[in-house]
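Asks: My questions will all concern the structure given below.
The values are calculated or read from the model by the stated rules, or taken from the named source; none is laboratory data. Everything numeric in this text was worked out from a predicted model, so none of it was measured. Using ideal geometry, Cβ is built from the backbone for each residue, glycine included, and neighbour counts are taken over all protein chains shown. Calculation scope for accessible area: heavy atoms of the full protein, side chains included, ligands and nucleic acids excluded. Shrake-Rupley method; radii C 1.70, N 1.55, O 1.52, S 1.80 Å.
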Amino acid sequence: MSVQQPAHQRGHTDRRRFLLIAGLPVLTVGAGLTYLLWPQSPAREPQVRTDLEPLNRRLGPFLGELADAHWLGYDIDGAGGDRSIPGPDSRIRVVGVAHLPGGRAAAITGNPEYAFAGGAPFEPPAPLKRYLPLGTAWQHSPAFDAYADGRGDASRATDESPTGRYCFDTTQDLVHFDVVYLFT
């Protein structure tokens, strides 16, 4: 024996079901359009940093104590250059210029193992251009890059090691560094 609902209750349930079925797609489309049309905050250019502790921790072991640094650190795959929590497989670029202890640039470039030759740094990001001094005689060595990428031992370099390019000016004891760290 089946119990039948009165007609007035059955119509009320059907109307709710219809509103739920018809309303869900309308709400979904509305939310999607709102997301697409919502004004995005403008992309921010990375800010030039001058703090030394992060640089000396990463680069100091093979460059020496850095001073008077101007640098940027940002996710090169992220929007806006804002460094927040790295996403999966983020590539963080650390690029800048700093002074080395007196005579350190000459000591590094004078090591015959590295065979330094003339070589300009990569094009720096716009915010850093004003900090690169004019009249520098940059020297570069792929062998030193491999040494630095292996953290002082070229044989330790792996796919997960940073990839960097280091250029030195011996007259001003400057280093220009451009390093990419992969966070997986």
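Asks: For the range 17-52, which residues satisfy the criterion of being part of a helix (DSSP H, G or I), charged (D, E, K, R) and either closer than 30 Å to PRO127 by Cβ or modelled with pLDDT under 75 (or both)?
Replies: Within the range 17-52, the subset part of a helix (DSSP H, G or I) is 17-37.
Then drop every residue that is not charged (D, E, K, R), which leaves 17.
Correct list: empty.
Asks: Looking only at the range 122-150, which residues are open to solvent by less than 30 Å² (accessible area, probe 1.4 Å), of a type outside the set (Ser, Thr, Tyr) and either in a loop (DSSP other than H, G, I, E, B) or more than 26 Å from ARG57 (Cβ to Cβ) (or both)? Even if it seems obvious, please write down each step before you answer.
Replies: From the range 122-150, those open to solvent by less than 30 Å² (accessible area, probe 1.4 Å) are 124-125, 127-128, 140-141, 144-145, 148-150; that's our starting set.
Applying the additional criterion that residues be of a type outside the set (Ser, Thr, Tyr) yields 124-125, 127-128, 140, 144-145, 148-150.
Passing the criteria: PRO124, PRO125, GLY150.
Asks: Now for a separate question. Has the range 78-96 got at least one residue that is at pLDDT 90 or above, open to solvent by less than 70 Å² (accessible area, probe 1.4 Å) and not in a strand (DSSP E or B)?
Replies: There is no residue in the range 78-96 that is at pLDDT 90 or above, open to solvent by less than 70 Å² (accessible area, probe 1.4 Å) and not in a strand (DSSP E or B).
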